[in-house]
Amino acid sequence: MKRLFPVAIAFFLWAAPAQAIVKQSGFQTMSDGTQIAYDVYEPDGAPPAGGWPGVMLLHGLGGSKDDMAAMGQVLASQGYAALAYSARGQGTSTGDLTLAGPDEISDERALEQWFAGLPEVSDTQIGAWGVSYGGGQIWNGLAAGIPYKAVCVVATWTDLYSALWPQNVARSGIVAGFAATVAARSPLIQQYETDAVQSLDMPSIQALVAPRSAYNALPSITAPVYMFQGRVDYAFDVTQAENGYRRVAGPKKLYIGQFGHTPSTFTTPDMAYVQTQSLAWFAHYLEGAPNGIDTAKPVTIAAATGSRKVSYAGLPKTKTVPVGFTGSGLVRTGASFQQPVETFGVSLLKVQVRKLAGYPRLVATIKAGNTVITHGAIVPKIGLDTIRLANYVQYIPKHTRLSVTFGSSSARGDVAYLGFGGTGSITLGAADLQLQVLTKPVTQ
């Protein structure tokens, strides 16, 4: 499972800048005695009056401060101080990983206060940049009142339960992959791993992850937030960033690009755009640079391939395309599309369940040829069931036929809902898809 999540090991392949910088490393002791390893990157030279503006850097699950080295160097070359640290239970930091919980928030707060207190760093102009696990910690830090002046969050969650256990069914392949990455240093994850992967005792899982999500606090967040989310990210789909865009009170931007957790990667050329936009965001909100990033259209979607990008004044308009599937078996096909479409939003698949015996979950995988377009799962019941499908931005060319595969796990080639154990039997009736698509495709 570890191979599914390279973000936990190495995120950036950006080249380090040539400008001279200064790096300091050490450990900070937290209130419970945990030792947090850190690196501070600064420009080589005298700081300006009031100190360098600062940026905290938070890494992905199973990673460390070393994964943030390239970004730290880039920031220092642009006149910022940057603090990268290894979260507790990760890298060379001590302690147990507690899944972006209260201990991690306490660490984040203490490190921000220490960083802002350095004589060469501004005590007010502090921002944060984080990816995946680190982005979730930044959202939680904002919700807890850490006074960031501007943040960038990449490929992360706002509601951890709906991301990994939508409709009370685990994205078992994703959850198992994350757990395998860090379980050795997390008694908490070891305790809940079986239930989390197999969708057992879901009230306890929901109670565990609720305080680890910023969703309910989003309307109280006024700091400027730039959200970068992947077009196709099986861990954190576009809805997680949409939550933030719809609900935060302060300045906000959203970029949906060609990167993310499996089946995407973080080593795409698109990441250069993420870097330049992040620097512009900090330049404006930490330094007051009049670079226009605050007045540009706030939502941008990258095409599936190439460099084309389309910007919008808000979340893009969509329409519903109905797709009926012929047949009565577990694999069915739909009619051919007469025009190309590009998905955006939560599509709904309605299916009649006629008979049911010992069938704990029903997974639907929508494909275009061999490409998975989206998927979802429910705990089935007799009657008309509705499966909410994952929100991915997928281009579907003209004359393409969609297929749906039902089962107790994902269709072949899809790792989202891996199976475990035996299943009973199920008989299905009609199945109809309400596919949400952009009114005009971005990809050409």
Revision key, fill the gap. Only one of Leu83, Leu97 is crowded, with 24+ Cβ neighbours inside 10 Å and under 29 Å from Gln206 (Cβ atoms), namely Leu97
Review point. Which one of these does Gly62 not meet: (1) crowded, with 17+ Cβ neighbours inside 10 Å; (2) farther than 24 Å from Ala155 by Cβ; (3) under 29 Å from the mean Cα position of the chain (by Cα)?
Key: (2)
Check your understanding: Just for region 41-59: of the residues that are part of a strand (DSSP E or B) and farther than 30 Å from Ile189 by Cβ, which one is nearest to the chain's Cα centre (by Cα)?
Key -> Gly54
Review point. Going through region 262-313 one residue at a time, which ones are in a helix (DSSP H, G or I), farther than 18 Å from Tyr392 by Cα and either acidic (Asp, Glu) or outside the structural domain of Gly50 (by TED's automatic domain parsing) (or both)?
Key: Glu287
**Study point:** Filtered residue count, region 41-75, keeping only those that are more than 22 Å from Leu99 (Cβ to Cβ), of a type outside the set (S, T, N, Q) and out of contact with any Lys or Arg (no Cβ under 7 Å at 6 or more places or on another chain)
**Key:** 20
Review point. For region 209-225, how many residues are in a helix (DSSP H, G or I) and either polar (S, T, N, Q) or surrounded by fewer than 21 Cβ atoms within 10 Å (Cβ to Cβ) (or both)?
Key: 7
Check your understanding: What tally of residues in region 226-243 results from selecting those that are among the polar types (S, T, N, Q) and buried (at least 24 other Cβ atoms within 10 Å of the Cβ)?
Key -> 2
Review point. Looking at Val351, is it crowded, with 21+ Cβ neighbours inside 10 Å and aliphatic (A, V, I, L, M)?
Key: yes
Revision key, fill the gap. Subset of region 197-207, residues crowded, with 16+ Cβ neighbours inside 10 Å and assigned to a helix (DSSP H, G or I), comes to Val197, Gln198, Met202, Ile205
Point to revise | Single condition Trp114 does not satisfy, out of (1) among the aromatic types (Phe, Trp, Tyr); (2) surrounded by fewer than 22 Cβ atoms within 10 Å (Cβ to Cβ); (3) over 19 Å from Met30 (Cβ atoms) | key: (3)
Practice item. Confirm whether Lys319 is assigned to a strand (DSSP E or B), loosely packed, with under 14 Cβ neighbours inside 10 Å and of a type in the set (Lys, Arg). Key: yes
**Study point:** Set Tyr245, Tyr273, Tyr255, Tyr312: member being under 23 Å from Ala81 (Cα atoms) and not small (Gly, Ala, Ser)
**Key:** Tyr273
Check your understanding: Can Ile387 be described as at pLDDT 95 or above, within 15 Å of Asp432 (Cβ to Cβ) and either part of a loop (DSSP other than H, G, I, E, B) or in contact with a Ser or Thr (Cβ under 7 Å, 6 or more places away or on another chain) (or both)?
Key -> no
Review point. With Thr194, Thr262 as the choices, which residue is out of contact with any Ser or Thr (no Cβ under 7 Å at 6 or more places or on another chain), of a type in the set (S, T, N, Q) and either under 24 Å from Ser347 (Cα atoms) or buried (at least 19 other Cβ atoms within 10 Å of the Cβ) (or both)?
Key: Thr262
Revision key, fill the gap. Of the conditions (1) free of Cβ contacts under 8 Å to residues at least 12 places away in the same chain; (2) under 23 Å from Ala180 (Cβ atoms), the single one that Ala49 does not satisfy is (2)
Practice item. Could you tell me which of the residues Tyr148, Tyr85 is of a type in the set (Phe, Trp, Tyr), within 22 Å of Ala20 (Cα to Cα) and at pLDDT 95 or above? Key: Tyr85
Practice item. Taking Tyr85 as meeting all but one of (1) of a type in the set (Ser, Thr, Tyr); (2) more than 23 Å from the chain's Cα centre (by Cα); (3) within 22 Å of Trp281 (Cα to Cα), write down the number of the exception. Key: (2)
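The values are calculated or read from the model by the stated rules, or taken from the named source; none is laboratory data. All values reported here derive from a predicted model rather than from experimental measurement. Every residue, glycine among them, receives a Cβ derived from its backbone with ideal geometry; neighbour counts consider all protein chains shown.
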